[in-house]
1. I need the helices (runs of 4 or more DSSP H) fully contained in region 1-101, keeping only those with at least 1 residues that are more than 13 Å from the chain's Cα centre (by Cα) and of a type in the set (Lys, Arg).
2. Does any residue in region 129-140 that is under 9 Å from Pro15 (Cα atoms) come within less than 7 Å, Cβ to Cβ, of a residue that is modelled with pLDDT under 95 six or more places away or on a different chain, and which pairs are these?
3. Just a yes or no: is a residue in region 122-137 surrounded by fewer than 16 Cβ atoms within 10 Å (Cβ to Cβ) and assigned to a loop (DSSP other than H, G, I, E, B)?
4. Please determine, by comparing only the residues of region 138-177 that are out of contact with any Gly (no Cβ under 9 Å at 6 or more places or on another chain) and of a type in the set (D, E, K, R), which one is farthest from Gln205 (Cα to Cα).
5. Take region 237-260 and flag every residue that is within 30 Å of Pro40 (Cα to Cα) and either among the β-branched types (Val, Ile, Thr) or in contact (Cβ under 8 Å) with a residue 24 or more places away in the chain (or both).
6. Given (1) at pLDDT 95 or above; (2) closer than 30 Å to Lys140 by Cβ; (3) of a type in the set (A, V, I, L, M), identify the lone condition not met by Leu262.
7. Does region 32-52 hold any residues that are buried (at least 20 other Cβ atoms within 10 Å of the Cβ) and more than 17 Å from Glu235 (Cα to Cα), and which are they?
Amino acid sequence: MENFATYNEEIDELPIIIDLPHSGEMIPDDIKKKMNPELPLPNVDWFLPDLYDFLVQNGVTTLENNLHRYIADPNRYAEMVNLDGDYRHEVVYSRTTFGKDIYRNNLSANEIQQRIQTFYEPYHQQLQSLIDKKLQKFEKIYLFDLHSFAQYPHEEDLPVADVVLGNKSDQTSTIKLRELLTEQFQNKGYSVSNNYPFSGGYITQHYGKNPRVEAIQIELAYHMYIENRYFGEEELTGVDVGTFTTAKNSLQSIFLSLLNYLN
């Protein structure tokens, strides 16, 4: 399996790009050998490629990461290399989101740089290439950065919205686009939080600087599409079919309305 997959790369009928940077589970064998055995690797955007496969089927250009985010996180700044044990500050994670050491021995600075060059930079080179191709045809394009989450990090006592939209407080996309998405989700019965606690990571912030690119991050709560329960330190292998099907039907309606509007 390749490190990432690209769909509809040469199709330019829509001014839209979808990217899924955290949906991968693949870990290269040479890296796996350095990891602590039997360690759960949580915090994946589980099953999102299947949940959103209707976008690929409808001709939307899509970039999908096959690698686990712990290998080298495309949604972080490449400069985040000073490992301090806090996963929020590391492009190459030294610990899981539950504070467990990932490796038997600490990674060297050279190993981290090699990860960035081998896994991180090619993903962004491909994403930039897709954007450049779209901008040759369209005056403005739209980048939707798709994610999911279990609960709010470090704020477990707060009520969790079904969807969190992040555009750096309207800096990476227009207010109009954020409000349109908010309305679409709310019309389907979803509760929506805007820019809290996820205001958009590196991908939306970096590519949204281009005045011809509107970038927005969409975070969908696990309980809305996997199963309505608490999720802890675990790797997931399946979904509640009814919950998943209901979510997929709703998302398909939302996105097809959005695609028609933007096109």
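The values are calculated or read from the model by the stated rules, or taken from the named source; none is laboratory data. If you're wondering where the values come from, they're calculated on a predicted model, not measured in any experiment. All Cβ positions, even for glycine, are placed from backbone atoms using ideal geometry, and neighbour counts span all protein chains on display.
1. Once the helices (runs of 4 or more DSSP H) in region 1-101 are filtered for at least 1 residues that are more than 13 Å from the chain's Cα centre (by Cα) and of a type in the set (Lys, Arg), what remains is 29-32.
2. Final answer for the pair search is Lys134/Asp12; Lys137/Asp12.
3. no
4. So, considering only residues that are out of contact with any Gly (no Cβ under 9 Å at 6 or more places or on another chain) and of a type in the set (D, E, K, R), the one farthest from Gln205 (Cα to Cα) is Asp157.
5. Those that are within 30 Å of Pro40 (Cα to Cα) and either among the β-branched types (Val, Ile, Thr) or in contact (Cβ under 8 Å) with a residue 24 or more places away in the chain (or both): Thr237, Val239, Val241, Thr243, Phe244, Thr245, Thr246, Ala247, Lys248, Leu251.
6. Single failed check for Leu262: (1).
7. Leu51, Tyr52
Every residue, every condition in (1) aliphatic (A, V, I, L, M); (2) under 15 Å from the mean Cα position of the chain (by Cα); (3) in a strand (DSSP E or B); (4) under 21 Å from Tyr120 (Cα atoms), yes or no:
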site: Leu180; (1), (2), (3), (4): yes, no, no, no
site: Gln184; (1), (2), (3), (4): no, no, no, no
site: Gly189; (1), (2), (3), (4): no, no, no, no
site: Lys209; (1), (2), (3), (4): no, no, no, yes
